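> Below are the structure tokens for one structure; questions will follow.
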Amino acid sequence: MTEPRYPATAYSSGQGDPVPRHRRNPRRAYDREGREIRPMDLENAAQNGVRSIRAICPPPCRHEREVALSRFPSTMAVGDVGLYLRCSACGRKGPETEPMWPLR
Ligand SMILES: [Zn+2]
């Protein structure tokens, strides 16, 4: 057994009951006990300066587009925005998304 890379206090702790692996949402994070960690929502992202996300269509298309977050409800999880997007180049649904953090 190797030493943990970060102290135990550095890990987020989840809420609620542990979720079995086969029932977990791939767009969510879980703590060591399998409890869901609350995802960053759009309101929290906006408080940290995020105004838009980059949507990236998977290969072979790889089309990229910046999407303003103001058109989505503030309670939506950042990782769920891609579920409501469709690629304007090839028409495929559900691109990868990443927050566009402000430059420091
Ligand atoms: Zn595409």
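> Using beta carbons and a limit of 6 Å, which pairs, at least six apart or on different chains, have the first residue in the stretch 46-65 and free of Cβ contacts under 8 Å to residues at least 60 places away in the same chain and more than 10 Å from the ligand (Cβ to nearest atom) and the second one of a type in the set (Val, Ile, Thr) and assigned to a loop (DSSP other than H, G, I, E, B)?
none
> Taking the residues in the stretch 1-33 that are under 20 Å from ALA77 (Cα atoms) and of a type in the set (A, V, I, L, M, F, W, C) as candidates, determine which candidate is modelled with the highest pLDDT.
Step by step, filter the stretch 1-33, then rank; the result is VAL19.
> May I pose another question? Can you report the number of residues in the stretch 40-72 which are assigned to a strand (DSSP E or B), more than 13 Å from GLU98 (Cβ to Cβ) and among the charged types (D, E, K, R)?
Counting residues in the stretch 40-72 that are assigned to a strand (DSSP E or B), more than 13 Å from GLU98 (Cβ to Cβ) and among the charged types (D, E, K, R) gives 1.
> Do we have any residue at all in the stretch 77-100 that's over 21 Å from PRO26 (Cα atoms) and basic (Lys, Arg)?
So far as the stretch 77-100 goes, no, none of its residues is over 21 Å from PRO26 (Cα atoms) and basic (Lys, Arg).
> Quick check on my filter: what residues within the stretch 73-104 are free of Cβ contacts under 8 Å to residues at least 24 places away in the same chain, loosely packed, with under 13 Cβ neighbours inside 10 Å, in a loop (DSSP other than H, G, I, E, B) and within 16 Å of the ligand (Cβ to nearest atom)?
GLY91, the sole residue that qualifies.
The values are calculated or read from the model by the stated rules, or taken from the named source; none is laboratory data. Please read these numbers as outputs of a predicted model, since none were measured by experiment. Here Cβ is always computed from backbone atoms with ideal geometry, including for glycine, and neighbour counts include all displayed protein chains.
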